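Below is one structure, written out as structure tokens; comments come after it.
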Amino acid sequence: QVQLVESGGGLVQAGGSLRLSCAASGSSRSINAMGWYRQASGKQRELVAAITSGDNTNYADSVKGRFTISRDNGKITVFLQMNSLKPEDTAVYYCNAKGKNLMNYWGKGTLVTVSS
């Protein structure tokens with residue numbers, strides 16, 4: 001129904017920036033909200049940022065002031081601008097979409113590694 005593909009991950013030095021992208025395809029008009037989650041090695045997956053179809057946003061306390069979530073005017077691509085990166089931001093970042101039918105869809109993830 002909905003397919004999500006992440007891109008933009010990589011290796012960056014502490015204090016640097018990366019911009020992640022998530023492209024949605026399929027029944028994209030049925031998407032009500034999208035977000036980014038991350039999972040560090042050996043830890044639980046956590047919500048990083050989310051954005052609704054009305055462009056309301058929500059951020060984890062650990063990334064407020066450093067990360068910004070946004071979407072394009074067609075609402076088929078969502079971005080995560082990550083600034084002032086810290087080693088503790090190292091994780092696999094997953095794109096998530098919630099459909100109007102309340103179903104959740106997940107991308108396969110993109111690895112972000114921040115060196116000290």
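The values are calculated or read from the model by the stated rules, or taken from the named source; none is laboratory data. Remember, predicted model here, so these are calculated numbers, not experimental data. Every residue, glycine as well, gets a Cβ built from its backbone with ideal geometry; the counts of neighbours run over all protein chains shown. Only protein heavy atoms, including side chains, enter the accessible area calculation; ligands, DNA and RNA are left aside. Shrake-Rupley method; radii C 1.70, N 1.55, O 1.52, S 1.80 Å.
Quick notes
- Alpha-carbon centroids, the stretch 59-85 and the stretch 1-43: separation in whole Å: 10 Å
- Under the combined filter of DSSP loop state and at most 15 neighbouring Cβ atoms within 10 Å, the stretch 57-116 retains these trypsin sites (Lys or Arg not before Pro): LYS64, ARG66, LYS75, LYS100, LYS108.
- The charge dipole of the chain, taken about the Cα centre with unit charges on the Cβ atoms of Lys, Arg (+1) and Asp, Glu (-1), comes to about 200 debye, rounded to the nearest 20.
- Seen through its C-alpha gyration tensor, with square-root eigenvalues sorted a ≥ b ≥ c, the stretch 11-63 comes out prolate because a/c lies at 1.5 or above while a/b is bigger than b/c.
- Given a 1.4 Å probe and the protein chains as shown, ILE51 ends up with an accessible area of around 10 Å².
- HN-Hα J in Hz across the stretch 91-108 - Karplus 6.51, -1.76, 1.60, θ = phi - 60°, x for Gly and Pro: 4, 8, 9, 10, 7, 10, 10, 10, x, 5, 8, 6, 6, 9, 10, 10, x, 7
- Relative contact order of the chain, taken over Cα pairs closer than 8 Å and 6 or more residues apart, is 37 percent.
- Those residues of the stretch 86-116 whose amide nitrogen sits under 14 Å from the label point placed on SER21, 7 Å along Cα→Cβ: none
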